[in-house]
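K.L.:
Here it is, the structure in full.
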Amino acid sequence: MRSADVKILKLDAQHADEWLMAYLRRRLPPQHLRQRLGIEAEGEQPVIGHGRTLFHLENSETFSRLLRWALKATLLYDVGRRNALRIRVVHNEIELPRLPPAFDGYTILQISDPHFDANEAFPAALAERVRDLEYDLCVLTGDFRYRTAGPLEPALAGLARLRAQLRAPVYAVLGNHDSARMIPAIEAMGIQLLLNESAELRRNGQRLYLAGVDDPHYFRADNLEAACQDIPAGACALLLAHSPEIYRQASHAGFDAMLCGHTHGGQIRLPGGIALVFNANAPRRVCSGRWRHNGMQGYTSAGAGSSVLDVRFNCPPEVVLHRLVRPRHR
């Protein structure tokens, strides 16, 4: 390659980075941006310490290799990989006393923790699973990338493949595996990220509010006060968060419902559905499926994708159709 060509490539890369930083400065407050990029610059997330839990086995290469060896030795590895591609559709009804009448029956598709680049067959399987579903709104609750550092392009390519099968509007939050540098590409796909902010949903002149916070697990970049600031007092509001770990704060902040993920439902469970471990500093009751706290309804998705290894046992991957309803007179 000629030296002139090298200079052009370097100049293009420089301009691309300048454009990226200008975009991020428009999207995030200065302190939020410094916090996000500063922690990301530290590299791969550690196995011990940081975040809201002490141990992060999903970040351990040694644990991953040992688990893969054990599964192969017991001839279960291929079974687990097939299980990870059998994505089920879960139906969940959320009864909300403050839900405006116009939103009675409103359906939200939740997709969490896809980790698109964990398995090359997964993006197509997920896109096919959601293609014919009926819903009014889609929300993505984070962790688009498999690793916590490294290339962004494979995960973004998988997300683009899914987005082609989703109907608008689509909202999302970032997870602990995601980089702030993904923000422009995600929003260019027609996905509105909620980065400690909210959106107003309108139907027949009535309003429902959807708020989202940045990752509360590892980056601890969540800011409920900022996310709530444009929501009128007394209005019905839903919260998107990557992890359930802020369930108490969210309930006392006045949210009617909270949708989250991160835990993968345990991903590998014993027969009978007993999860061996949840990677969240929260009670088990809020780490999978439906739950309630202080009047706030919650749902923690078992996730569509997989972490550590692309396997699942006794814990099927899922996408969730949440149907919002007003209380019925009994």
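K.L.:
Regarding R328, is this residue more than 14 Å from the chain's Cα centre (by Cα) and either among the polar types (S, T, N, Q) or farther than 22 Å from Y77 by Cβ (or both)?
P.N.:
Yes, satisfied.
K.L.:
Looking at (1) under 25 Å from S243 (Cβ atoms); (2) not aliphatic (A, V, I, L, M); (3) not in a helix (DSSP H, G or I), can you tell me which one E120 breaks?
P.N.:
(1)
K.L.:
Report whether or not L193 is at pLDDT 95 or above and within 30 Å of A157 (Cβ to Cβ).
P.N.:
Numbers: at pLDDT 95 or above: yes; within 30 Å of A157 (Cβ to Cβ): yes.
Yes; evaluated as a whole, the condition is true for this residue.
K.L.:
Would you pick out the residues in region 73-117 that are in contact with a Phe, Trp or Tyr (Cβ under 7 Å, 6 or more places away or on another chain), surrounded by 20 or more Cβ atoms within 10 Å (Cβ to Cβ) and part of a strand (DSSP E or B)?
P.N.:
Answer for region 73-117, where residues must be in contact with a Phe, Trp or Tyr (Cβ under 7 Å, 6 or more places away or on another chain), surrounded by 20 or more Cβ atoms within 10 Å (Cβ to Cβ) and part of a strand (DSSP E or B): I108, L109.
K.L.:
Right, something else. Take the residues of region 73-112 that are modelled with pLDDT of 95 or more and in contact with a helix residue (DSSP H, G or I) (Cβ under 6 Å, 6 or more places away or on another chain): which is farthest from Y171 (Cα to Cα)?
P.N.:
My answer is L85.
K.L.:
Go through region 210-236 residue by residue and tally those that are surrounded by fewer than 20 Cβ atoms within 10 Å (Cβ to Cβ) and touching a Cys at 6+ places or on another chain (Cβ under 7 Å).
P.N.:
Count: 0.
K.L.:
Would you mention how many residues in region 152-182 are over 25 Å from A221 (Cα atoms), among the small types (G, A, S) and part of a loop (DSSP other than H, G, I, E, B)?
P.N.:
Of the residues in that region, 2 qualify.
K.L.:
Look through A304, A253, A241 and report the one residue that is closer than 24 Å to R82 by Cα and at pLDDT 95 or above.
P.N.:
A304
Residue by residue, here is whether (1) among the aliphatic types (A, V, I, L, M); (2) at pLDDT 95 or above; (3) buried (at least 24 other Cβ atoms within 10 Å of the Cβ) holds:
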site: D136; (1), (2), (3): no, yes, no
site: R145; (1), (2), (3): no, yes, yes
site: A157; (1), (2), (3): yes, yes, no
site: Q165; (1), (2), (3): no, yes, no
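K.L.:
Of the residues that sit in region 35-45 and are loosely packed, with under 15 Cβ neighbours inside 10 Å and either within 19 Å of the chain's Cα centre (by Cα) or at negative phi (or both), which one is modelled with the lowest pLDDT?
P.N.:
Top of the filtered list is E44.
K.L.:
In addition: Take A149 and decide whether it is on the phi < 0 side of the Ramachandran plot and either touching a Phe, Trp or Tyr at 6+ places or on another chain (Cβ under 6 Å) or not in a loop (DSSP other than H, G, I, E, B) (or both).
P.N.:
Judged against the criteria, A149 is not a match.
K.L.:
Check off (1) farther than 21 Å from P114 by Cα; (2) free of Cβ contacts under 8 Å to residues at least 60 places away in the same chain for S288 and give me the number that stays unchecked.
P.N.:
Evaluating S288 over (1) farther than 21 Å from P114 by Cα; (2) free of Cβ contacts under 8 Å to residues at least 60 places away in the same chain leaves (1) as the failure.
K.L.:
Tell me yes or no: at least one residue of region 308-325 is within 14 Å of the chain's Cα centre (by Cα) and under 13 Å from I94 (Cβ atoms).
P.N.:
yes
K.L.:
Might you check whether a residue that is without any contact (Cβ under 8 Å) to a residue 24 or more places away in the chain and either at negative phi or surrounded by 20 or more Cβ atoms within 10 Å (Cβ to Cβ) (or both) occurs anywhere in region 255-277?
P.N.:
yes
K.L.:
Now for a different question. May I ask you to verify whether R65 is assigned to a helix (DSSP H, G or I), at pLDDT below 75 and under 24 Å from T148 (Cβ atoms)?
P.N.:
So R65 fits the description; yes.
K.L.:
Which one of these is of a type in the set (D, E, K, R), surrounded by fewer than 16 Cβ atoms within 10 Å (Cβ to Cβ) and either farther than 15 Å from E95 by Cβ or in contact with a helix residue (DSSP H, G or I) (Cβ under 9 Å, 6 or more places away or on another chain) (or both): R328, R285?
P.N.:
Testing whether each residue is of a type in the set (D, E, K, R), surrounded by fewer than 16 Cβ atoms within 10 Å (Cβ to Cβ) and either farther than 15 Å from E95 by Cβ or in contact with a helix residue (DSSP H, G or I) (Cβ under 9 Å, 6 or more places away or on another chain) (or both) leaves just R285.
K.L.:
While we're looking at this one, here's another question. Being more than 30 Å from R203 (Cα to Cα) and touching a residue at least 60 places away in the same chain (Cβ under 8 Å) narrows it down to one of A155, A118, so name that one.
P.N.:
That would be A118, the only listed residue that is more than 30 Å from R203 (Cα to Cα) and touching a residue at least 60 places away in the same chain (Cβ under 8 Å).
K.L.:
Let me ask you something else. Only one of G305, G254, G298 is over 24 Å from Y146 (Cβ atoms) and part of a loop (DSSP other than H, G, I, E, B). Can you tell me which?
P.N.:
Matching residue, one of G305, G254, G298: G254.
The values are calculated or read from the model by the stated rules, or taken from the named source; none is laboratory data. The shown structure was predicted, so the numbers you read here are calculated from the model rather than taken from an experiment. We place every Cβ from the backbone using ideal geometry, glycine too, and count neighbours over all the protein chains shown.
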